[in-house]
Amino acid sequence: MKFLIVIILLAFSFDSPAQMIKTGQWRGSIIYDSLQIPFTFEVGYPNGDVPEITIINGSDRRVISNATVDGDSIFIPMEPFDVEIRAKFTAMSMSGLYKKYYRGLIIPFKAEFGKPRMKKNSVRPNAPIQERWAITLSPDTPGMSQGIGLFKQRGHIISGTIMTQVSDYRFFEGILDGDSIKLSCFDGAHAFAFLGRQIDNGWSGEMVYGSGYSEPWEAVYDDEAELRGPFEMVEIEQGKHKPYYDLLGAGEGKDAIDPAQYAGKVLVIQLFGTWCPNSHDQTKYLVDWYEENKHRGVSILASSYEANYTRAYGMERLEKYKQVNNIPYDLVLGGRLSKTAAAMPFPFMQRIEAFPTLVILDKQGYVRHVHSYFNGPATGDYYRSFDRRFNEIIDALVAE
């Protein structure tokens, strides 16, 4: 009997360290100088001893199945981005670093088991909010820009996104707390906060992007608010412009691309970055779309523009990005992160508006359409509108 008890005790004492991380919901925090950006994640063990991490932002779920554990340390890669969380853990806490290698940034991180993303502090009732907001970022400054807030309310819980003409901010989640709104999002590459307070004729507040990096905003409810559409921002003179392929692949050298392989085909060129969550959203769309449409005489060529640039680093990032996303079409390295450099292969543009940008060519190799920013899955109807319009354009070009 004593021998059996010893065996049981030994079995518990040598249990896998990964199992010490408690199963269930956690609150993580990315810690900037003036603010902690909270997010929700779940820990589970569907495949044995290694924890699976699911990051939650509203309706979005990002599953990380390749975390690793070494003693009392956990390493959580945020693929396909060059980002990682490295932390010491106990059963109910984590403390460590959020490392953005592509930017050379190291930011404190912590997590606690069982804590809510945000806690309502005010006892004041929350008035219902309207779903569509007209937002002005950095009002009354040279950098002023417009956005649209698309929000849904469930009690005091708020979720949604903010669309701009440099793509959307993906999935926000947070609360109404009396006369205040507090939203956050964490997608692996970025941690943002959208904070505001009701004023007489609307809202005002601050968008926080990082330590020492934020901008003010103002907003009013507006059911008619719209932005200029991404297919409408660049006018093309048909039959005039062809891309300079040597510049599209400049990061690899002038002969990186053989234009002859696209002769007689409709070609979609994606200008993107492996560091960019909106590019990743669009890449996932293009991968699925290409698998269904490649038999129609359509090709895709993606050219990346990378931060923290060297040729070796860029090629390494491209290879990893291709593997993680199972990309079946051509990828080339365009060069260093720059909206001006990304436009150089297209002499009719001084700079692109955003990463990602799509440039669509007809069968003769002429540019016919430019799609200047991306409304991704968080934007709902706008994402579906992109899908419809993109397919209409491809159908028309294939039929020519």
Say the cut-off is 23 Å between C-alpha atoms; which of LYS152/LYS182; LYS254/LYS294; LYS115/LYS182; LYS284/LYS320; LYS22/LYS110; LYS88/LYS115 go over it?
LYS254/LYS294
Using the Cα centre as the reference, give the magnitude of the dipole from point charges on the C-beta atoms of region 232-324 (Lys, Arg: +1; Asp, Glu: -1; all else neutral), rounded to the nearest 20 debye.
160 debye
Tell me the angle of helix 2-13 to the major Cα principal axis of the chain, expressed in degrees between 0 and 90 and rounded to the nearest ten.
40 degrees
FRET efficiency (TYR244, THR23; Cβ distance; R0 56 Å; to 0.05) is 0.55
With every protein chain in place, what's the accessible area of ILE76 (1.4 Å probe, Å², nearest 10)?
10 Å²
For region 231-291 and region 302-328, compute the distance between their C-alpha centroids and round to whole Å.
15 Å
Quick one: with all protein chains in place, what share of the accessible area of region 109-249 is carbon or sulfur, to the nearest percent (1.4 Å probe)?
48 percent
Using the heavy atoms of the protein chains alone and a 1.4 angstrom probe, what is the accessible area of region 55-154 per residue in square angstrom?
52 Å²
Could you calculate, for the chain, the ratio of the Cα radius of gyration to the Kirkwood radius, expressed as Rg to Rh?
1.02
In region 272-364, taking the dipole from +1 charges on Lys and Arg beta carbons and -1 charges on Asp and Glu beta carbons about the Cα centre, the listed residue (VAL324, ASN308, SER279) farthest towards the positive end is ASN308
Determine the order of GLU215, GLU224, GLU392 by accessible area, beginning with the largest, at a probe radius of 1.4 Å.
GLU224, GLU392, GLU215
Under a 1.4 Å probe, what is the accessible area of region 243-358 per residue, stated in Å²?
41 Å²
Size of charge dipole - the chain - debye, nearest 20, with Cβ of Lys, Arg +1 and Asp, Glu -1, no other charges:
860 debye
Given the candidates ILE157, GLY365, PHE348, the one whose Cα lies deepest towards the positive end of the charge dipole of the chain, counting +1 at each Lys or Arg C-beta and -1 at each Asp or Glu C-beta, is ILE157
Give me the percent of accessible area attributable to carbon and sulfur for region 256-400, probe 1.4 angstrom.
46 percent
Using a/c under 1.5 as the rounded threshold, could you call region 242-322 rounded, prolate or oblate? The axes a ≥ b ≥ c are square roots of the C-alpha gyration tensor eigenvalues, and prolate needs a/b larger than b/c, oblate otherwise.
oblate
Relative to the longest principal axis of the chain, what angle (0 to 90°, nearest 10) does the C-alpha long axis of helix 277-293 take?
60 degrees
Between helix 381-399 and the chain, what is the angle of the helix's C-alpha long axis to the longest principal axis, kept within 0 to 90° and rounded to the nearest 10?
30 degrees
By average Cβ neighbour count within 10 Å, what is the ranking of 241-250, 306-315 from highest down?
241-250, 306-315
Under a 10 Å cutoff between Cα atoms, tell me which one of ILE74, ILE55, ILE106 has the largest fluctuation in the Gaussian network model of the chain.
ILE106
Rounded to the nearest 500 deg cm²/dmol, what is the calculated helix-only ellipticity per residue at 222 nm for the chain, with -39500 (n - 2.57) per DSSP H run of length n ≥ 4?
-5500 deg cm²/dmol
Determine the dipole magnitude for region 316-388: charges of +1 sit on the beta-carbon of Lys and Arg, -1 on that of Asp and Glu, nothing else is charged, the reference point is the Cα centre, and the result goes in debye to the nearest 20.
100 debye
For peptides 197-208, 167-178, sequence by mean Cβ density within 10 Å, most packed first:
167-178, 197-208
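The values are calculated or read from the model by the stated rules, or taken from the named source; none is laboratory data. Note that the structure is predicted; figures quoted are calculated from it, not measured. All Cβ positions, glycine included, derive from the backbone under ideal geometry; neighbour counts span all protein chains shown. We work out accessible area using only protein heavy atoms, side chains counted, and drop any ligands, DNA or RNA first. Shrake-Rupley method; radii C 1.70, N 1.55, O 1.52, S 1.80 Å.
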